[in-house]
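The values are calculated or read from the model by the stated rules, or taken from the named source; none is laboratory data. These numbers were taken from a predicted model, which means no experiment stands behind them. Ideal geometry is used to build each Cβ from the backbone, glycine not excepted, and the neighbour counts take in all protein chains shown.
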Amino acid sequence: MMELEKGIEPNFADYDKRTALHLASSEGCTEVVELLLREGADVNSTDRWGRTPLSDARSFGHVDICEILEARGGIDPVGVDSQSPCYEIDPIEVDMESSILIGEGGYGEVYLVKWRGTAVAAKTIRSSIASNPKVRNTFIRELALWQKLRHPNIVQFLGVLKQSDRLIFLTEYLRNGSLYDILRKKGRLDPRIAVSYALDIARGMNYLHRHKPPIIHRDLTPSNVLQDEAGHLKVTDFGLSKIGEERDERGYKMTGGTGSYRYMAPEVYRRETYGKSVDVFSFAIIVHEMFQGGPSNRAEAPEQLADRRAYEDSRPPLSSYFYPDPIKMLLRECWHKNQECRPTFEEIIQKLESIQVELQNGKTMRAAGCSCAIL
Ligand SMILES: Nc1ncnc2c1ncn2[C@@H]1O[C@H](COP(=O)(O)OP(=O)(O)OP(=O)(O)O)[C@@H](O)[C@H]1O
C-alpha cells in the first residue's frame, strides 16, 4: 500500500515480467491480492513464462486466491485451462445459411444447423456479452469445462466456432424441445412420468455436483432441461450463469438478471452467499410444476414471487391431491429455507427410486388429508 501511495504503478513488472499480483498470488497473500485488484492490477498479466497470477495461485494451492482471481476473469493459460482448450470448430464445416431459429434465451438465439451433415444446436452469444474480453474468457472457460463432461442426462457440448466477433458454440440437438414446452403442451404429468423425469434431472445434477470441483448450475429451469428422442431428460446450460455473477466483500452473488426468479432459491434472491443446494431448491419447484402442470402462481410477477419466497417463506401450494405423500415430503425438504437441511441429489435419487418402485408395483400413494388414491 505504501508503494502504491508513493505512485508505483500496480502493474509494474520486474525483468521476468512478474508483477506484484504474481508474487502475492504465489505467496498466498489474500489481502494484498484484493488490494492490488482494487487498485487496477491486471488479473491476467503474463510473466516471461506465460504464467498469470492464477497459474501461480493454482500451483501453490491457494484456493481462496484462485476463487478471487477467477471471479475477476482470471485465466490460467499454462495450467488446467490449457490442458483442455475449448474444441474449436471450423466455420466452413457448419452450414449457417440454412439455419433455423429454434429458440431465444437470455444470452442469444439458438439455431438448428448442420455440422458435417449432422443436425446440431448452435447457441449464439450476443455481441454485447461476447465483446467484453473478461466475460468472453469466463464463457470460454465454462465451455472448456462443459466439454469434459459426459453423462446420459447432460446435454453434450460439441465445440466452439472460430469467429472473432461473435461467440457461437455447438451442442447436441434435442428435437423434442424443453420441459417447459412439454408442460405447456401436456399440462399435469402422470406421476410415473413425473418421477422418471425427476430422476433424469436428479441424476444429471448429481453428476455435476459430484464433479471435482463441483459444478453449480445456478439457473436450473424447465427451459434448461431438454428431452431426447428416447424420452429422457438432459440438463443444459450449467455454469453459464456465472458470467452474470458478481462478487463483493461478502462472497458470491448473482445479479438480478441471473437465474430465473421463479426457480430462484431464497438465499440467491437475498444476495447471500450460496452453495450447491440452490440447485436443489430449483429442482423442487420444477418437480412441483410437473405434478401441477405448470407454475402455480402464473398471475404473479416472478420477481414478486421470489421476494415472497425469500422474505415471507412462501412456497408453492401442496394441498391438492396431485401430490403423493412421499413427493410432498421430498419437496418440503428440497425447498427448505435452511440450505443445510436440503438433501443432496444423491439422497434425492435414492428417495425417488423407492417412490418409483412403489408406483411401478401399483401401490396406491395416498395424499395426506384427502380420500383420493393417486396412481
Ligand atoms: N440443444 C438444444 N436442442 C434443442 N433445442 C434447444 C437446445 N438448446 C436450446 N434449445 C431451445 O432453445 C430455447 C432457448 O434456449 P436458451 O438456452 O438460449 O434459453 P433459455 O434456457 O430459454 O433461457 P436462458 O438462457 O435465459 O436461461 C430453449 O428453451 C429450447 O427450446
- Query: Do you know which residues across region 155-177 are under 16 Å from the mean Cα position of the chain (by Cα) and surrounded by fewer than 20 Cβ atoms within 10 Å (Cβ to Cβ)?
  - Reply: Gln156
- Return the only residue of Glu289, Glu272 being charged (D, E, K, R) and either more than 23 Å from Leu183 (Cβ to Cβ) or under 19 Å from the mean Cα position of the chain (by Cα) (or both). Glu272
- Task: Run down Leu158, Leu179, Leu149 and say which single residue is at pLDDT 85 or above, within 12 Å of the ligand (Cβ to nearest atom) and closer than 25 Å to Asp76 by Cα.
- Result: Leu158
- Members of region 296-338 that are among the polar types (S, T, N, Q) and touching a helix residue (DSSP H, G or I) at 6+ places or on another chain (Cβ under 6 Å): Asn297, Ser314
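Per-residue answers, yes or no, for (1) assigned by TED's automatic domain parsing to the domain that holds Tyr207; (2) out of contact with any Phe, Trp or Tyr (no Cβ under 8 Å at 6 or more places or on another chain); (3) polar (S, T, N, Q):
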| site | (1), (2), (3) |
| --- | --- |
| Ile92 | no, yes, no |
| Ser99 | no, no, yes |
| Lys114 | no, yes, no |
| Ala121 | no, no, no |
| Ile129 | no, no, no |
| Asn132 | no, yes, yes |
| Asn137 | no, yes, yes |
| Gln147 | no, no, yes |
| Gln156 | no, yes, yes |
- Matching residues, region 182-195, being more than 16 Å from the ligand (Cβ to nearest atom) and either surrounded by fewer than 18 Cβ atoms within 10 Å (Cβ to Cβ) or under 30 Å from Ile89 (Cα atoms) (or both): Gly187, Arg188, Asp190, Arg192, Ile193
- Being surrounded by 19 or more Cβ atoms within 10 Å (Cβ to Cβ) and closer than 17 Å to Gln156 by Cα is the filter; apply it to region 116-140 and report the residue that is modelled with the lowest pLDDT. Phe139
- Query: So, in region 88-107, of the ones that are within 11 Å of the ligand (Cβ to nearest atom) and at pLDDT 85 or above, which residue ends up farthest from Phe238 (Cα to Cα)?
  - Reply: Ile100
